[in-house]
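**Student:** Quick one: structure below, then a few questions.
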Amino acid sequence: MKRYRSSLLSDAAFLLLFVICFIHIVFTAGGQDRYLINMILLNVSFLIAILTYFTSIMVGLILNIVFIFGYGTYTLYQTFIVGESLQAYHYYWLIMTPVFTIIVALLTYANRELQEEKEQLQKRNASLATIDERTNLKNSRSFQSDANIFMALSTRYHIPLTLLVMTVKHWDELSRMISEAQITEMVYDISKLSETSIRMNDSLYMLNSDHPTWGLLLFTDQDGANVVVNRLKEKLESFNTIEFSNKYKHEMKLTIGTIQYNPEEIPTPLDFIKKARQKMEYDV
């Protein structure tokens, strides 16, 4: 409801801005005998509105008070000293300039409300998202949720559970040698390669999309995880000599770490990842 109200207020203020600009232009062009003074006041009116847009309504009100005092003083001078009779057009700028400022302030307020709502929605989506955008794999948030369940099942039914964490060796240097599009393709290719190397009941995750890090939860012991590691490296070696050699012009290698779940040593999913990362240091 709040979003619709802000959107409606923004649209209404935008339309009113067009109307008031049209009235300003018609009034300025219609008074040929006062064309110069009207042009000056029109520019002042626009200047106050612009400053209000980029600052706040309080600044706009202060500027309008200064304008009303200044133009009012000028009008009184023209009336009592010069002898010019007081006409209806003398009131125009005293009324329409603050109105113009208020309309711009309403437009600014509505737009800021919409921007804040957009940022809140983006943050909410990011906090609730469980899928990585580039690879369509489950992300780290989904990993923590699944890992808690799998760890509980492993403990209750004595099912071996092993986490495999892997990254592309020398990724920082490699990513600087290829384009952004190729980086996305490379991450996607390795994700697909990983999916074909595990069983249907195992799970693959993208733990870090900035520095691509994959996690595989395997319902197997350390020996079974070593079989998966060897399978991954063999497949990647085959891809390097056949498909990747022409596609990326650079050889890719994986750094892999595996750790079998132990309830006494690994109380949380984050500790699970930490232990697996420590094992990666031995994969040279």
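The values are calculated or read from the model by the stated rules, or taken from the named source; none is laboratory data. Keep in mind that what you see is a predicted model, and the values were worked out from it rather than measured. We place every Cβ from the backbone using ideal geometry, glycine too, and count neighbours over all the protein chains shown. All accessible areas refer to the heavy atoms of the entire protein, side chains included, with ligands and DNA or RNA removed. Shrake-Rupley method; radii C 1.70, N 1.55, O 1.52, S 1.80 Å.
**Student:** I'm a student and want to see the number: the projected area of the Cα convex hull of segment 136-284, averaged over all directions, in nm².
**Tutor:** 8.5 nm²
**Student:** How high is the relative contact order of segment 132-238, given as a whole-number percent (alpha carbon pairs under 8 Å, six or more residues apart)?
**Tutor:** Over segment 132-238, the number comes to 38 percent.
**Student:** Here's a follow-up. Return the loop-located GluC sites (Glu not before Pro) in segment 187-284 (DSSP other than H, G, I, E, B) with at most 12 other Cβ atoms within 10 Å of their own Cβ; answer none if there are none.
**Tutor:** Answer in residue order: 243, 264, 265, 281.
**Student:** Cα centroids of segment 169-216 and segment 15-36: how far apart, whole angstrom?
**Tutor:** Distance between centres, Cα-based: 61 Å.
**Student:** Which whole-angstrom value gives the distance between the alpha carbon centres of segment 45-88 and segment 141-158?
**Tutor:** 70 Å
**Student:** Something else: How high is the relative contact order of the chain? Use alpha-carbon pairs under 8 Å, at least six apart in sequence, and give a whole percent.
**Tutor:** Contact order relative to length: 18 percent.
**Student:** Net charge around residue 260, counting only other residues with Cβ within less than 11 Å of its Cβ (Lys, Arg = +1; Asp, Glu = -1)? Mind dumping the intermediate values first?
**Tutor:** Details: positive: 275, 279; negative: 221, 223, 265.
Residues close to residue 260 contribute a combined charge of -1.
**Student:** Before anything else, pin down the relative contact order of segment 30-162: Cα pairs under 8 Å, at least 6 apart, normalised by residue count, whole percent.
**Tutor:** With pairs under 8 Å counted, the relative contact order is 20 percent.
**Student:** Long-range amide H contacts for residue 213: which residues qualify at under 5 Å (H placed 1.01 Å from N, peptide plane, sequence gap of 5 or more or a different chain)?
**Tutor:** Close amide H contacts, sequence-distant or interchain: 207, 208.
**Student:** Relative to the present Cα-Cα distance, how much length would full extension add between residue 155 and residue 247 at 0.36 nm per residue of separation?
**Tutor:** 28.7 nm
**Student:** Quick one: pull the percent of accessible area on the chain belonging to carbon and sulfur, 1.4 Å probe, ligands and nucleic acids left out.
**Tutor:** 61 percent
**Student:** Pick out, in residue order, every one of the trypsin sites (Lys or Arg not before Pro) in segment 217-284 that is DSSP loop and has at most 12 other C-beta atoms within 10 Å; say none if there are none.
**Tutor:** Those satisfying the criteria are 249.
**Student:** Pull out a ≥ b ≥ c, the square roots of the eigenvalues of the alpha-carbon gyration tensor of the chain, then state rounded if a/c is under 1.5, prolate if not and a/b is larger than b/c, and oblate in the remaining case.
**Tutor:** Verdict is prolate for the chain.
**Student:** Take segment 101-176, compute every pairwise Cα distance, and split them into 5 Å bins from 0; I just need the percent in each bin.
**Tutor:** P(r) over segment 101-176, rounded to whole percents: 3, 11, 10, 12, 12, 12, 10, 8, 7, 5, 4, 3, 2, 1, 0.
**Student:** Restricting to DSSP H runs of at least four residues, report the calculated mean residue ellipticity at 222 nm for the chain, -39500 (n - 2.57) per run over all residues, nearest 500 deg cm²/dmol.
**Tutor:** -22000 deg cm²/dmol, from helical runs alone.
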